[in-house]
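S.K.: The structure follows.
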Amino acid sequence: MIEAAIVTAAILCTCASVSAQNAYSGYFLDGYTYRYQMNPAFANEKNFISLPVLGNFDLSLSSDIKVSSILYNVDGQTVFFANPKVSSEEAMKGFDKVNDLKADLKLGILSAGFKGFGGYNTISVNAVVGAHTGLPGSLFSLVKEGVGNKEYDLSGLYLDGSGYAEIALGHSHEIKAVPGLRIGATLKFLVGLAFAETDIQKANLVLGEYNWTASTQGDVYLNILGTKFSTKTNDQGREYVSGVDFDASEIAPAGFGFGVDLGAVYEFRDFVFSAAVNNLGAINYKNVQSASTGGTRTFELDRFVFSVDDDAENSFDNVSDEIVDALKDLYELQDKGNIGSRSRSLATTLNLGVQYKFPVYRKLSFGLLSSTVFDTGNTFSSVRLSANLAPAKCFSAGVNVGMGSFGAEFGAMLSLHSTGFNFFLGVDRVPMFPNLPNLHLNTGINFLF
């Protein structure tokens, strides 16, 4: 049951992980309305207003755990990596020291862009939700090997997530003193909606031949609209966190913050060089609820011999109750209440690109883009090469291939932008079973004028 639960959780996380960054497949594509959200120096040829809610939908599912590391084909049957027919050495090759599962969703509530003030201006209202989970390789080793004489360090296990709304005001401006240079900036006012973070300092499990030892130490931080930790009292009289309660009267913004995007584009002959730093900023979450183990908690078991006598001290019932109570003590957290505010940095993104416009046929171009995301102490990067074609004023498309932190990537984008109407559909990562469970989808409908 334990193996099934852990493996199922891993598969669900792998298939349901989510970047608040638009599809990179459109970075060099003429006619893609939201290029300015990857580099604020980019400007559209036309004014636009989005279809509310459906103007810009961006969903990213990312994991460096391959489906082929979870599922194996053995004698014509599909089995889990924990199956005895799959060797431990072979199974563990499919996992890293820490395995990342990342989830991000950006929903464009309303956006608009127009020419004026000597340049191009944008206004965007977006909802952004993100989650990031790390599963230590030792967890999969424990599932695979079962109970053995070995030490397992599970301290790489973590989970954090946040949700916020942003109001973004952008301006792109051509620098006439330097022909070919265009700069841009976007200012963002952020309203925090939800915040959760785990900080596990210790999670060790030692399964010796004559005794087992487990130790844990960690903290949990939470601020979700109208929620507080609920508590119960255990058999030892100690109060512990048993869940969360919701109070509609307490609904209020979880916090506020600011962010900024900065970008530049320089066109020189057949080349266009671009650079941008996005999401420089942070949100200060207030009234953060905290729960903690209150230091290191330890569980030790050296009683492997049970008595069939129900009245004996080491009867099965007595020893099993003792084990259950000790295990509960490992994860029963103490409610620390409201600890005040806690700041959380945005996932800062660095985009560096160079585009080559084919001199013989100017409607064809090639681009090389490097993108790096710095997210809560973790770094995710990708490099992709693209070919982009705009054969008519109403149609453009591009394809690209790349390599990143989550493996090989293949992407494409199509944009239709006839008079008064724009529809685009793009993917940065396409799931390719059984190896890559990743997906990045970006689509939207907008009106041009």
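Bear in mind that the values in this text are calculations on the coordinates, not laboratory data. Computed from a predicted structure; not experimentally measured. Note: ideal-geometry Cβ built from the backbone for every residue, glycine included; neighbour counts use all protein chains shown.
S.K.: For the range 155-195, what does the alpha-carbon gyration tensor say about shape, rounded, prolate or oblate, given a ≥ b ≥ c as the root eigenvalues, a/c under 1.5 as rounded, and a/b over b/c as prolate?
M.R.: Oblate.
S.K.: How big is the gap, in Å, between the Cα center of the range 346-420 and the Cα center of the range 155-200?
M.R.: Measuring centre to centre over Cα atoms gives 19 Å.
S.K.: Now, a different point. Percent relative contact order of the range 163-235, based on C-alpha pairs within less than 8 angstrom and at least six residues apart?
M.R.: 26 percent
S.K.: Quick one: order Lys202, Lys393, Lys93 by neighbouring beta-carbon count within 10 Å, fewest to most.
M.R.: Lys93, Lys393, Lys202
S.K.: Moving on. Amide H neighbours of Leu181 under 5 Å, at least 5 residues apart or on other chains, H built in the peptide plane: list them.
M.R.: Ile175, Glu267
S.K.: Sticking with this structure for a sec: Over 18 Å between Cα atoms: which of Lys106/Lys286; Lys46/Lys357; Lys66/Lys102; Lys46/Lys115 fall into that group?
M.R.: Check vs 18 Å cut-off fails for Lys106/Lys286; Lys46/Lys357.
S.K.: For the range 337-384, state which trypsin sites (Lys or Arg not before Pro) are in a DSSP loop and have at most 13 other beta carbons lying within 10 Å of their beta carbon.
M.R.: Within the range 337-384, the qualifying trypsin sites (Lys or Arg not before Pro) (loop, at most 13 other Cβ atoms within 10 Å) are Arg362, Lys363.
S.K.: ³J(HN,Hα) across the range 58-73 via Karplus (A = 6.51, B = -1.76, C = 1.60, θ = phi - 60°), whole Hz, x for Gly/Pro?
M.R.: The phi angles translate into 10, 10, 10, 10, 9, 7, 9, 8, 7, 4, 5, 7, 9, 10, 10, 9 Hz.
S.K.: Something else about it: Rounded, prolate or oblate, given the Cα gyration tensor of the range 148-235, with a/c below 1.5 counting as rounded?
M.R.: oblate
S.K.: Hey, with R₀ at 22 Å, roughly what FRET efficiency would Phe447 and Ala392 work out to, going by the Cβ-Cβ distance, to 0.05?
M.R.: E(calc), rounded to 0.05, equals 0.70.
S.K.: Shifting gears a bit: On a full-extension model of 0.36 nm per residue, what is the gain between Val206 and Glu90, subtracting their alpha-carbon distance, rounded to one decimal in nm?
M.R.: 39.4 nm
S.K.: Sequence neighbours fewer than 8 away in the same chain don't count; with that in mind, list the lysines whose C-alpha is under 17 Å from Lys85.
M.R.: Lys93, Lys144
S.K.: Please give the length that would be gained between Asp75 and Ile49 if that part of the chain were fully extended, namely 0.36 nm times their separation in residues minus their C-alpha to C-alpha distance (nm, one decimal).
M.R.: Result for the pair: 3.7 nm of gain on full extension.
S.K.: Give me the net charge of Asn400's neighbourhood, meaning all other residues with Cβ under 9 Å from the Cβ of Asn400; Lys, Arg count +1, Asp, Glu -1.
M.R.: Here the charged neighbours net out to -1.
S.K.: Check the straight Cα-Cα distances from Lys202 and name the aspartates and glutamates below 14 Å, setting aside those fewer than 8 residues away within the same chain.
M.R.: Hits, sequence-local ones excluded: Glu151, Asp153, Asp219.
S.K.: Also, quick follow-up: What would the Debye formula give as log10 I(q)/I(0) at q = 0.11, 0.17, 0.19, 0.20 Å⁻¹ for the alpha-carbon point model of the range 91-247, no solvent?
M.R.: Debye curve over Cα of the range 91-247, log10 I(q)/I(0) at q = 0.11, 0.17, 0.19, 0.20 Å⁻¹: -0.73, -1.10, -1.20, -1.24.
S.K.: Under the classification rounded if a/c is under 1.5, otherwise prolate if a/b is larger than b/c and oblate if not, where does the range 342-449 fall, given a ≥ b ≥ c as square roots of the Cα gyration tensor eigenvalues?
M.R.: Prolate.
S.K.: Next question. Per-residue HN-Hα couplings for the range 409-423, Karplus 6.51 cos²θ - 1.76 cosθ + 1.60 at θ = phi - 60°, whole Hz, x for Gly and Pro?
M.R.: Those phi angles translate into 10, 9, x, 7, 8, 10, 9, 10, 9, 7, 4, x, 8, 9, 10 Hz.
S.K.: Would you tally the net charge around Ala254, using a Cβ to Cβ cut-off of less than 12 Å, leaving Ala254 out, and scoring K and R as +1, D and E as -1?
M.R.: +2
S.K.: Hand me the GluC sites (Glu not before Pro) from the range 156-225 located in a DSSP loop with no more than 11 other Cβ atoms within 10 Å, in residue order please.
M.R.: Hits after loop and neighbour filter: Glu209.
S.K.: Would you list Met38, Met413, Met403 from fewest to most Cβ contacts within 10 Å?
M.R.: Neighbour counts put them in this order, fewest first: Met403, Met38, Met413.
S.K.: Moving on to the next point. Under the Karplus relation 6.51 cos²θ - 1.76 cosθ + 1.60, θ = phi - 60°, what is the ordered set of whole-Hz ³J(HN,Hα) values for the range 222-231, x standing for Gly and Pro?
M.R.: Going residue by residue, I get 8, 8, 10, 2, x, 10, 9, 5, 9, 10 Hz, with x marking Gly and Pro.
S.K.: Let me ask you something else. Note down the net charge around Asp245, summing +1 for each Lys or Arg and -1 for each Asp or Glu among other residues with Cβ under 13 Å from its Cβ.
M.R.: Residues near Asp245 contribute -1 overall.
S.K.: Sorted from fewest to most neighbouring beta carbons within 10 Å, what does the list Val272, Val401 look like?
M.R.: By the 10 Å Cβ count, ascending, the order reads Val401, Val272.
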